[in-house]
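What follows is a short report on a single structure.
The values are calculated or read from the model by the stated rules, or taken from the named source; none is laboratory data. Note that the structure is a prediction, hence the values are computed from the model and not measured. Cβ placement follows ideal geometry from the backbone for every residue including glycine, while neighbour counts extend to all protein chains displayed. Keep in mind that these areas ignore ligands, DNA and RNA; they rest on the heavy atoms of the full protein, side chains included. Shrake-Rupley method; radii C 1.70, N 1.55, O 1.52, S 1.80 Å.
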Amino acid sequence: MTMITFSARLAPFQPETVWTLEAGTLIETRGRIERRFPLSSLTRYSLSLAPDGRRRVLLVVFGRRRLLIPSQSYVGPGRFEDRLAAFSVLARALAAVGADLSPRARFGLARLEARTALTFVMGLLAFGAASTLLFSLTAGMVAVGVDLAARMAFVLILMVAALPWLARPADFDPRDPPADLLP
């Protein structure tokens, strides 16, 4: 098996970071520090596109350990070098080998999902309604607390009703990543 290598400078005062895919293991080398990630422990593979359309970032999760791989390398203040060709080769190989060695891993696109954001807001709203009711009861202002909590609960019910119409996060086949993200 051939080794696939990609390198990028992440920050001005750091040595260049090199990621190597070798025999089912992703090796990250930064200076003299080396970290190994066996692809058999891969749990999540997320590929994202920055809003400017040029920069791509790969998030690879191995249990509790996370690894971010950017497609651009730092050159100087405000200047970055695009290394998309080498990044695409590594990302495609990582997806293919990871799918073979870890069939239960999830492969998806890291985009802002309306369903996920709404669920998070619903949780905050439910916590706020419960806190308002609790604090109003302890302060002796039962009528005000019940009124405010009821209004927040009504908005929460409306959000729950809208949830089924929002799209679920999309996953993709790891052997055929989306062409708009990896040319």
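Restricting to strands (runs of 3 or more DSSP E) lying wholly in segment 1-56: which have 2 or more residues that are modelled with pLDDT of 85 or more and of a type outside the set (D, E, K, R)? Spell out the reasoning first.
Values: elements: 4-8, 17-22, 25-30, 33-38, 44-49.
In segment 1-56, 4-8, 17-22, 25-30, 33-38 are the strands (runs of 3 or more DSSP E) which contain 2 or more residues that are modelled with pLDDT of 85 or more and of a type outside the set (D, E, K, R).
Applying a threshold of 7 Å to beta carbon distances and a minimum spacing of six or more residues, or different chains, the list of pairs starting in segment 144-161 at a residue that is small (Gly, Ala, Ser) and ending at one that is open to solvent by less than 80 Å² (accessible area, probe 1.4 Å) reads Gly145/Thr132; Gly145/Leu133; Gly145/Ser136; Ala149/Ala129; Ala149/Thr132; Ala149/Leu133; Ala153/Ala129. Between Arg79, Arg36, the distinction of being free of Cβ contacts under 8 Å to residues at least 12 places away in the same chain, more than 22 Å from the chain's Cα centre (by Cα) and open to solvent by 70 Å² or more (accessible area, probe 1.4 Å) belongs to Arg79 only. Remark: Val60 matches the filter, which requires a residue to be buried (at least 20 other Cβ atoms within 10 Å of the Cβ), touching a Lys or Arg at 6+ places or on another chain (Cβ under 8 Å), at pLDDT below 85 and not hydroxyl-bearing (Ser, Thr, Tyr). Of the strands (runs of 3 or more DSSP E) lying entirely inside segment 64-116, those containing at least 2 residues that are of a type in the set (Gly, Ala, Ser) are 72-76. Among the residues of segment 100-126, write down those that are at pLDDT 85 or above, surrounded by 12 or more Cβ atoms within 10 Å (Cβ to Cβ) and aliphatic (A, V, I, L, M). Leu101, Leu118, Val121, Met122, Leu125, Ala126 - these are the residues of segment 100-126 that are at pLDDT 85 or above, surrounded by 12 or more Cβ atoms within 10 Å (Cβ to Cβ) and aliphatic (A, V, I, L, M). None of Val97, Val89, Val144 is open to solvent by 40 Å² or more (accessible area, probe 1.4 Å), closer than 16 Å to Phe6 by Cβ and either of a type in the set (Lys, Arg) or at pLDDT 85 or above (or both) except Val89. The criterion of being within 28 Å of Asp100 (Cβ to Cβ), out of contact with any helix residue (DSSP H, G or I) (no Cβ under 9 Å at 6 or more places or on another chain), among the polar types (S, T, N, Q) and open to solvent by 40 Å² or more (accessible area, probe 1.4 Å) holds for Thr43.
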